[in-house]
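Input: a single structure, listed below in structure tokens.
Readers should treat all values here as calculations from the given coordinates under stated rules, not as data from a laboratory. All figures in this text were calculated on a predicted structure; none of them were measured in a lab. Neighbour counts are summed over all protein chains in view; Cβ atoms, including those assigned to glycine, are modelled from backbone coordinates with ideal geometry.
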Amino acid sequence: MSWENTNFDWNYAKAFMVAVERGSFTSAAKELKISQTTLGRQITAFEEDLGIVLFLRGGNKTLELTESGHDLLEYVQVMAEYAKKLSLRASGKTSTLEGIVRISASEAEAVYSLPCIVKKIRQSWPGIIVEILASNKASNLEKREADIAIRNFKPKGQNLIIKQLKDTQAFLYASPSYLESINYSGGDDCLSGADIIVTPEMDEQSMLNIFLNSFEINVTAKNFTILTKNQSAYWELVKNGVGIGVMPSHIGDNEKRVVRVNPNASPVPFGNWIVAHSELNKNPRIRLVYDFIAEEFQKLLDSD
């Protein structure tokens, strides 16, 4: 941008506009908390910088604009409006903190982690409308299917802002009544006949690798007796004593109806990322919610 033609002090433009609004130099000087003499010098300097006359000089107590003054006033008012928006944005009070923010998350995180965070957002910024996109399929942020996403895999793509959080530790969980029904006494060999609940997103070989290598439990594909695509249904099946399931500890440990199975086994770690399109840097509403979710979600992970 070239500044060669911007040959006036913006404070003079402010003095001009306030004088027009107040109708007199005396009232305008009080509004600006300067002396009337100083205001007069600023108006004169503004006229000299622009090479035009803004006010008719005469005996009238009320200020009267010249034709040039009328023409200029519209532009000064636009400048003042944008100056106000700039100040509000810098202080975090911008009017753009009103509107929709779409948050994408897995079904489990959307149901069991996000509600307490969304409640705090609504309490702090009532002008923000939160839309939750609960799906185990990743939303395409570059196509603006969502504004913010919580993901358990490292995001890939251009024009993304990515923040990595603490890794999640996943454990096996079951209800005490189910463990009692299979006569589980704490040994790994007691689970060879257990019913294991899985989701179609995990293929058979992946599930076997998790249980054999990570949880060190000797199972076969015959143990995978219950399948569901819905993570809410998945967790309800576990809580209601239908079988054994895997869940992040920040969700599983907070559920009183289940206990860890084989708690001495190594947990399965997986990452957590908060992602948004780079446009959030131009949208203070989305930027605020992004930073807030990242902070609050990190607290949930730290509480494990």
Multiplying the sequence separation of Lys222 and Asn159 by 0.36 nm and subtracting their Cα-Cα distance, what value in nm do you get? 18.2 nm
Virtual spin-label span in nm between Ala80 and Glu255, 7 Å along Cα→Cβ: 6.0
Note, ³J(HN,Hα) from phi for segment 158-166, Karplus 6.51, -1.76, 1.60, rounded to Hz, x at Gly and Pro: 8, 6, 10, 9, 10, 10, 8, 10, 4
Check: C-alpha center segment 247-304 vs C-alpha center segment 29-48, spacing in Å is 57
Any idea what Rg and Dmax come out to for segment 116-161 if you just take the C-alpha atoms, in Å? 12.6, 34
Could you tell me the calculated FRET efficiency between Asn230 and Gln123, based on Cβ-Cβ distance and R0 = 35 angstrom, to the nearest 0.05? 0.75
